[in-house]
Amino acid sequence: MIFPTVSTKRLIAALITLSVSAVSTNAADIRYKDRLFSVEKAVDVPFAEDVPHLNSLHQLAPIASEATGYEVFLYNNEKDVKKKPLLMDIYTPKGDSEKNRALVIVSHGGAMVAGAKDDTYQQTVNYCDSLAARGFVAASIQYRRGVSITGKNLKYNIDSVDFARSVYRGVQDVSTAVRFMRKYSDQFGIDPNRIYLVGNSSGAILSLENIYAQSEADFPSYIKKSGAPDLGDLNMYGEQGIDPHANGVVALWGAIHNPNIIGDNKTPILLVHGTADETVLFKTGRPLSEGVSVDMLKLSINAPTLYGSFVIDSVLTAKNIEHETYFVDGAEHEFYDDYEYGSKVKNKVFDFLYKLASFETTTAIKTRTFAQAPKAAIQMEPGNLRFSLNRGNNLKYAIMDLRGRPIMTGKVSVGESVDLSQLSNGIYMLRVQGMQAIRFSITR
């Protein structure tokens, strides 16, 4: 395989391959639909060089990282940058002789300030491995994370303009990844006309913007912030003169900044969303508008108004543009790991991509799917200072911090209430025997 020119050290790192699963092949199985292959993974493959990354971490960043259990990228300003490559991990079917395969580029979530291409909590690795085992080539990209913040005296703020600029950088990076894979399609054994995107949360926003935004002019003029560096054209980095738009998108709880940019674009999409999503709203609103509180510290988030899956679906339906949806009434953000709906989401995603990759038409717009989320088995009481169950007896439970350390353990039955008031302010994970774990926070 021939890669574009990179340093020897970087090329060696990129070609480190690891077997991440083992699957037997059945002659009756179908490519893109069934697991056929074991999988190889090439790590840290550069898809653009000398891309400016924000560099001066804010003092709040390590505090936010400690509180959430994830590395959080908050910066002092946008003027201090460091030029680095954009990297991706590439998953391929081991021993596969096909040279014209469909490609899926997966973009993680994380509100533009967190998440990673090798994330397991958001199932990024799981999706890539499962897709490659089905005969796709899959690429998990590390788009630029981070947003600059202002404030002092334990009160901080993320401005909507800074948030919008972070999204714009992410759209640049997704488009760069599409152009790179299209440019080197022969070397990677992929079909340049079958490049699809799967995005989760902020990754879904970037994926949708990739197909609908045609140029910098499609974004609000305020992203040209006075005193901040010029972000440049959408296709400023990496390979040039190549179509940057994907041939299909799966958007898991995503949104776009302006429904007018849809136009008559007929790129096939699958929209998955919960109607009770308060992070990326199902209809219209500002993501994360409740902000974040850690002990005495308050971070206000003024994200731009976004238009969620309900609006996108409405526009596409009115224009008679073919697409698919899977909306769950009462479900919240990121329900792909929900006990009731996790496998259903994956099946929807894999079935949709199979139809695209095998050139079957997508489902007609009149067959939209709307499901009802079941009542949660674990009930948190006001302030998250107590919890109870609506089913089960003598079940083990554990309260853990986000590093996985147990804080409280015990047993609980339906009709009982467990007191959590002795816990300090912070974010915790609650696991109850046989039930889906939930995350909750305590702020006083």
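What follows is calculated from the coordinates using simple rules that are stated; it is not laboratory data. Because the structure is predicted, anything quoted here is derived from the model rather than measured. Ideal geometry is used to build each Cβ from the backbone, glycine not excepted, and the neighbour counts take in all protein chains shown.
Remind me, relative contact order of segment 8-372 in percent, using alpha carbon pairs under 8 angstrom and six or more residues apart?
15
For Lys82, give me every one of the aspartates and glutamates with a C-alpha distance below 13 angstrom, ignoring sequence neighbours fewer than eight places off in its own chain.
Glu49, Asp50
Return the sequence-ordered ³J(HN,Hα) values of segment 267-274 in whole Hz as given by the Karplus equation 6.51 cos²θ - 1.76 cosθ + 1.60 applied to θ = phi - 60°, using x for Gly and Pro.
For segment 267-274, the Karplus curve yields 4, x, 9, 10, 9, 10, 7, x Hz.
Relative to the Cα centre, what is the charge dipole magnitude of the chain, using +1 at the beta carbon of each Lys and Arg, -1 at the beta carbon of each Asp and Glu, and rounding to the nearest 20 debye?
Value, rounded to 20: 420 debye.
Out of the DSSP beta bridges found with both residues in the chain, what percent are antiparallel (nearest 5)?
Numbers: 53 of 88 bridges.
Around 60 percent of the beta bridges assigned by DSSP in the chain are antiparallel ones.
Tell me, what HN-Hα J-couplings in whole Hz come from the Karplus equation 6.51 cos²θ - 1.76 cosθ + 1.60 at θ = phi - 60° for each residue of segment 87-98, using x for Gly and Pro?
My calculation for segment 87-98 gives 10, 9, 9, 10, 9, 10, x, 5, x, 7, 8, 5 Hz in order.
Of the residues Ala114, Ala138, Ala228, which exhibits the maximal mean-square fluctuation in a Gaussian network model of the chain defined by a 10 Å Cα contact cut-off?
With Cα springs under 10 Å in the chain, the top fluctuation among Ala114, Ala138, Ala228 is at Ala228.
Mind putting a number on the dipole of segment 378-442 about its Cα centre? Charges go on the C-beta only, +1 for Lys and Arg and -1 for Asp and Glu, and I need it in Debye to the nearest 20.
240
Which values, in whole Å and largest first, are the semi-axes of the equivalent ellipsoid of segment 8-372 obtained as the square root of 5 times each eigenvalue of the Cα gyration tensor?
Here the semi-axes work out to 31, 24, 20 Å.
Hey, in the GNM for the chain with a 10 angstrom Cα cutoff, which one of Gly110, Gly426, Gly199 fluctuates hardest?
Ranking Gly110, Gly426, Gly199 by mean-square fluctuation puts Gly426 first.
Aspartates and glutamates within cross-link reach of Lys298: Cα-Cα under 17 Å, excluding same-chain residues under 8 positions apart?
Excluding near neighbours in sequence, the set is Glu66, Asp159, Glu290.
Among the aspartates and glutamates, select those whose C-alpha is under 14 Å from the C-alpha of Lys99, and discard any that sit fewer than 8 residues away in the same chain.
Asp186, Asp191
Please list, in chain and number order, the residues 5+ apart from Ser107 or on another chain whose amide H is under 5 Å from its amide H, with Hs placed from the backbone.
Val198, Gly199, Asn200
Return the subset of Lys84/Lys283; Lys79/Lys155; Lys94/Lys117; Lys79/Lys183; Lys183/Lys348 for which the Cα-Cα distance in this structure is over 26 Å, preserving the input order.
Details: Lys84/Lys283 37 Å; Lys79/Lys155 23 Å; Lys94/Lys117 21 Å; Lys79/Lys183 31 Å; Lys183/Lys348 30 Å.
Too far apart for the 26 Å limit: Lys84/Lys283; Lys79/Lys183; Lys183/Lys348.
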